[in-house]
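Undergrad: Mind looking over this structure? Questions follow.
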Amino acid sequence: MIGKFRSGDEIFYGEIENGRVYPQGVIHAGTFELSELRVLPPSSPSKIVCVGLNYQDHAKELSMEIPETPVLFLKPPSAVIGHEDKIIYPASSSRVDYEAELAVVIGKRCKNISAEKAEDVIAGYTCFNDVTARDLQKKDGHWTRAKSFDTFAAFGPYLACPDEMDVADAKISCRLNGEIRQESSTSNLIFDTPYLIEFITEIMTLEVGDVIATGTPSGVGEMQRGDIVEVEIQGIGILRNEVV
Ligand code: MG
């Protein structure tokens, strides 16, 4: 497991083992307790490519048809926050939802990658909360405003490398104030990660650190100010954020 951390003025990546962080590169001689470091989002994406309606049951609950090809939309990098950062409830919305998702972080600049070669360009997997102003999504028809507020792209806490988890069958859940709201497995994805990388890189170049959010299962619902929302994926960990 790899994380991005801050200690004082220094920002670095480190490997996490049994609660200790081993900084990568040559700048550090020592190691840290995980608890003494600030956890940062595990990459700085140039773009976040999101997939809508990628679980059958979620398409059903929104009364939308199962798409024949992935429905893509973008979130701006300005929306990024990390583990334990705060989600800011915007004044212009009165319905803000959580969406627990598996995210892929890209490790190599790439274009036109086949599904068979997809793993070569993946740095790792992490948890993602595709925070959505549901009322504005319905009102606008387009999704840009509803998905793009600052703090609406929470991801982390760490990156699990492809050999550290079973990404094709990992439990994914969302808890609101400790209560389970979403529970599924990545085995229920309509379009899996290798296919998504092939589909997306046929359209656009992906840069190192770019994020693909693969869609949410059923059970989406609203959050209120003061709520604690947690996205947990088996083999990765828990992404926790407070809504303010
Ligand atoms: Mg989503």
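Undergrad: Please give the per residue volume of the convex hull enclosing the alpha carbon atoms of the stretch 118-244, rounded to a whole number of Å³.
TA: 119 Å³
Undergrad: Just the number, please: Stokes-Einstein D of the chain in µm²/s, Kirkwood Rh from C-alpha pairs, 4 °C, 1.567 mPa s.
TA: D, rounded to a whole number, is 72 µm²/s.
Undergrad: In whole angstrom, how far apart do the alpha carbon centroids of the stretch 1-17 and the stretch 33-82 sit?
TA: 23 Å
Undergrad: Also: List the GluC sites (Glu not before Pro) within the stretch 174-235 that fall in a DSSP loop (any state other than H, G, I, E or B) and whose Cβ has at most 16 other Cβ atoms within 10 Å.
TA: The qualifying sites are 207.
Undergrad: A further question on this structure: Per residue and in Å³, how big is the convex hull formed by the alpha-carbon atoms of the stretch 1-40?
TA: Spread over its residues, the Cα hull of the stretch 1-40 gives 61 Å³ apiece.
Undergrad: So which of 75/117; 60/171; 108/138; 111/138 end up more than 24 Å apart, counting from Cα to Cα? It would help to have the intermediate numbers written out before the result.
TA: On the way: 75/117 26 Å; 60/171 20 Å; 108/138 36 Å; 111/138 33 Å.
Checking Cα-Cα distances, 75/117; 108/138; 111/138 exceed 24 Å.
Undergrad: Among 89, 55, which comes first, second and so on when ranked by fewest other beta-carbon atoms within 10 Å? Don't skip to the answer; put the middle values down first.
TA: Values: 89 19, 55 25.
Fewest-to-most Cβ neighbours within 10 Å comes out as 89, 55.
Undergrad: Taking springs between alpha-carbon atoms closer than 10 angstrom, which of 210, 150, 140 fluctuates most in the Gaussian network model of the chain?
TA: For the chain, modelled as a Gaussian network with Cα springs under 10 Å, the answer is 140.
Undergrad: Name the lysines eligible as straight-distance cross-link partners of residue 139: C-alpha to C-alpha under 16 Å, and not fewer than 8 places from it in the same chain.
TA: 147
Read-outs: derived from the displayed coordinates by stated rules, not from any lab. Here the structure is a predicted model, which means the values were calculated and not measured. Backbone-built Cβ (ideal geometry, glycine too); neighbour counts: all protein chains shown.
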